[in-house]
Amino acid sequence: MSFSEYPQYDAIGLAELIRSKQVGAHEVLEAAIRRIETCNPAVNAVVHKAYDLARQSLDTPAGAHGPLHGVPFLLKDILGDCRGMPSRLSSRLLHERLMTQDCELVARFRRAGLVFVGKTNTPEFGILPTTESDYYGAARNPWNLAYSTG
């Protein structure tokens, strides 16, 4: 799958491409990673990149039969506790917080076959309606970088 085709599909479309073997799950993952690396410097949406963890998860049988097998997915840095990733809630206070197990929501996502590529920016502790924490900085609206996501 070329980089230009990736944004034409939603999760269901990507899952169908993978299931029908029109494209490999590793190809889809690498396209997602390229997209993050291209867009993230301007929007500051992805605050933790778990590319190697995502690649490894494609090589394990867990989720291999889920309806969304192989679809790249970003978790929020709040309420998205994922084994092997930090969950900082966009706060310096929780800088060292590394999860040793999945929360129930993430476990269900994993069983569905989603591949966790990283964590996204959030308001600190989820308190404010805009994503402009002191720890990670402001997330920008991708359609107009002068605006925040809120």
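At a glance:
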| quantity | calculated |
| --- | --- |
| Cβ-Cβ FRET estimate between ARG92 and SER148, R0 fixed at 22 Å, reported to 0.05 | 0.65 |
| Cα pair count fraction exceeding 18 Å, expressed as % - the chain | 58 percent |
| Fewest-first sequence of LEU128, LEU89 by Cβ atoms within 10 Å of each Cβ | LEU128, LEU89 |
| Net charge over other residues, Cβ less than 10 angstrom from the Cβ of TYR51 (K, R count +1; D, E count -1) | -1 |
| Qualifying trypsin sites (Lys or Arg not before Pro) in region 82-150, DSSP loop, other Cβ atoms within 10 Å at most 11 | none |
| Straight-distance crosslink candidates among lysines, where the alpha carbon sits under 18 Å from LYS76 and sequence neighbours closer than 8 are dropped | LYS49, LYS119 |
| Dipole moment magnitude, nearest 20 debye, the chain about Cα centre, only Lys, Arg, Asp, Glu C-beta charged | 140 debye |
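Values quoted throughout were computed directly from the atomic coordinates according to the rules given, and no laboratory measurement underlies them. Quick caveat: nothing in here was measured; it's all calculated off a predicted structure. Note that we place each Cβ from the backbone using ideal geometry, even for glycine, and neighbour counts take in every protein chain shown.
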